[in-house]
Every structure is written in C-alpha cells, then in structure tokens.
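Where a number appears in this text, it was derived from the coordinates with a stated rule and is not lab data. From a predicted model like this one, the values you see are computed outputs, not experimental measurements. With ideal geometry, Cβ positions are generated from the backbone for all residues, glycine too; neighbour counts draw on all protein chains shown.
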Amino acid sequence: MKKQYDDTDLDSSLKRLNSDLMWKTKQKQELKKRIITDIEKMEPQGRIKTSILFSPIKKVSLIRKLTFSIIALIILFGLFIGSASISPVMAKVISNIPYLSLIFQSKSIGEVVFDELKEKGYKISGTGTNYSPHKIFHVTLDGSDDYYSEVKDEVKKTVSNILNSKGYDAYSVEVNKVREEDYVLSEEEMKEKKIIENEVTKKLKLLNYKFDNVQTDPTEKTIFINIVGSKKYYNSVQDDVEKMALEVVDGNKYTGYKINVTRVTVEVTKADKGSQILPTIAEGLMSKKEYNVTGVSYKSKPLTFIIRTSILSTDPTSKTLGTQIESMIVEFLTSEEISSILGNESYEIIVNSKDKKKIN
C-alpha cells in the first residue's frame, strides 16, 4: 500500500456523515464542526494521520513535552545549527551526526517554530507546511485585526530566522489571521434542541438501544444518533431508531426533521515502520532547495521510499543528485536509531526525475 505525503487520510464513516448534509451558510460551519467533534469525542483514542500537505500543529501534548525534556541534550544539537558560538569540540560532534539523523533526534520544524513563537508571547494558533504548488510555511495568529497588523511582520521575520538557522531555504513564509464565524442559536432554537435531545435520549434508554450520542441541529432540521456496537447490530436497529426518533419529534410538534443514524468509529491505526521514518526524510529533503525534492512517499509492502524531484533526467547533474539523495537516506536508515525500528526488514529507495525516470 502506497502512502504519500500529499494525501489526507479520513475516517470513512465520519466522511459519509459529514457529506450527507447541505450546510446552507458559512456561519453554520462552526455548529457543524461542533456536532461532528462531539461525536468523535465519544472515542478515547484517535487515529494517526500521515499527511503533511498542510500539517497544522496547535499544541504539543504533555507526553511529547516530557519526552522532549528527557532528551533535551539531544534536542539542543538542532539549536546549535547556524550559531556563531559553537565550540570546536561541539562543532566536531555535530559534524559527525548525519543530516537526517540530526533532524530525527530533534523536534520537527513546525514544533520548533510553534514553541518559539509561544515563548515570545505571540498569540499563535497553529503552524503548518504546504508543499504544493509551492513550498510555504504557514503561521496563523489569534487576536484582533489590530493585533495581527501589529505583529505579523515581526512573526514573519522570526520564522524566517528559525528556518534559516536550520538551513531550510526552500520555504516562503506566510502569516495569516484565524477568522472564525460562530453561529449562535436563537433562544427558540436552543429550546427546540434541548427538548428533542432530552426526549430522544430518554426513549433510546427506555428501549435499551446501545448508543453514545444524540445531537440536534435545529437550523438544518437534523438529528444525529450514533449507535454503538457491531455493524450487524447497527444494521438491525437503524430503521427502528430512525422511526422512533421521528415519532418523538412529531409528538413534540416539530416538523421537517431528518434523522441521521450513524455508527461512527474512530480507527486506531498502529504506525508502521515507514510512517515513523518518512516525516524526517520529507522534512530534510524538501526543506532545502539544493535537493530539488517535490514529493516523498512510501509503500509499506515491500518497504519502498519514493522520492520525486524537479530535475529532468536529461540534466547532466541528475544522476549525481539521485545518488546523493539515495546515499543520504541510506546513511539515515543504517543509523543506530533507525536500525532499531527497521530491524532486519529490507527496503528500496527510488529517486525519480520530473519526467518520471529513475535517477539513482
């Protein structure tokens, strides 16, 4: 199965739920988001996402914070790059660490930028990278329009300095403001929502249906009921639950409602070896202009790393570039840290030109 760093993996059940409705106004998007988020929260765990087409980082979890603290000395290596005050001894130590291994041992560039902006007191909402059609490092800020106008140039300069300190010269930097329009239900709509949810929940419990969530959107005249259990159980009760909910609505003299009975599950996917390794390869190769890398992907069986470049196979330097990229990845994959992940699993590296020919 091929997994790319320019595709977004979505939970299929939630995607169907999300697309079943026509949301009429931009202002109602926030209400829609809250309903779907509430359903997702019924599951204690989330699945792993591997997309970096635009990879927002809102905050680093406590566990990761602790991990970073434990390996603080290793992380400091990443901060030494670009510093004019490195001692000769430290410079020698760093020079002996392979480029990709150094990235692997430290925070991702998104986390580095996010943490530094937070430390400086900026109202940072998120960071992310976009690689298509251009390589852009995004920063989003909270706060008023006046605050955004006041600090956006400072933030852009700070981010540019961080990227330059790591030698990441492939990005342009964009600073944007978060714009959210939150639809607020009227008093009558809130009353209608509360009555329907209470009555439907009460009836579901009385009839011993296995469910975990009831949500109502009076603006779209829709009731969401999430059934818990096997697919067989869901299929056996779906029609009865829908009929029961309609009876409750009609009994309270509300009309025009649609019942959406779902079985939304949040799939927990164990990270395979490729997904643990690829973020480092992608960041290291795509962040520097000299490598001309436009895309990174992998297949898990057999394990194959596929690197796409913007150089043509007819370019006299293409073979040299392909060999250089391959050597760098091999050096990384044979390092102590990555060898413990790969074990004895074999792998292949393919570096392709812009015209889709192998150049390594």
- Query: Which of the pairs Lys166/Lys301; Lys156/Lys299; Lys193/Lys243; Lys123/Lys166; Lys107/Lys319; Lys231/Lys253 have their Cα atoms more than 26 Å apart in this structure?
  - Reply: Lys166/Lys301; Lys156/Lys299; Lys107/Lys319; Lys231/Lys253
- Note on the structure: quick note, the stretch 162-321, DSSP beta bridge pairs, % antiparallel (nearest 5) is 70 percent
- HN-Hα couplings for the stretch 108-114 via Karplus (6.51, -1.76, 1.60; θ = phi - 60°), in whole Hz with x for Gly/Pro, come out as 5, 4, x, 5, 4, 5, 4
- Provide Leu185, Leu163, Leu206 in ascending order of the number of other Cβ atoms located within 10 Å of each residue's Cβ, fewest first. Leu206, Leu185, Leu163
- Query: Which whole-Hz couplings ³J(HN,Hα) result when phi for each residue of the stretch 213-222 is put into the Karplus expression 6.51 cos²θ - 1.76 cosθ + 1.60, θ = phi - 60°, listed in order with x for Gly and Pro?
  - Reply: 7, 10, 10, 10, 10, x, 6, 10, 6, 9
- Query: What shape does the stretch 135-286 take by its C-alpha gyration tensor, where a ≥ b ≥ c are the square roots of the eigenvalues and a/c under 1.5 counts as rounded, a/b above b/c as prolate, and the rest as oblate?
  - Reply: oblate
- Gained length - Thr317 relative to Val228, 0.36 nm times residue gap less alpha-carbon distance: 26.2 nm
- Note on the structure: Taking a ≥ b ≥ c as the square roots of the Cα gyration tensor eigenvalues, with a/c under 1.5 meaning rounded and otherwise prolate when a/b beats b/c or oblate if not, the stretch 256-360 comes out oblate
- Query: What is the distance, in nm, between label points placed 7 Å from the Cα along the Cα-to-Cβ direction at Lys118 and at Lys191?
  - Reply: 4.4 nm
- Note on the structure: Taking 0.36 nm per residue of separation between Lys358 and Lys301 and subtracting their Cα-Cα distance, the length gained on full extension comes to 18.6 nm
- Note on the structure: With DSSP loop assignment and no more than 15 other C-beta atoms within 10 Å, the GluC sites (Glu not before Pro) in the stretch 154-201 are Glu180, Glu181
- Task: Could you work out how far apart the two model spin labels at Ser310 and Lys289 are, taking each label as a point 7 Å from the Cα in the direction of the beta carbon, and quote it in nm?
- Result: 0.9 nm
- Task: Work out how much length Asp153 to Ser340 would gain on full extension: take 0.36 nm times their residue separation and subtract the Cα-Cα distance, in nm to one decimal.
- Result: 63.0 nm
- Enumerate the amide H contacts of Tyr168 below 5 Å, restricted to partners 5 or more residues apart or on another chain; note that Pro and chain-start residues carry no placed amide H. none
- Query: With Rg and the Kirkwood Rh both taken from Cα atoms, where does Rg over Rh land for the stretch 151-216?
  - Reply: 1.46
- Item | Nonlocal amide H pairs with Lys177, under 5 Å, H built at 1.01 Å | Leu141
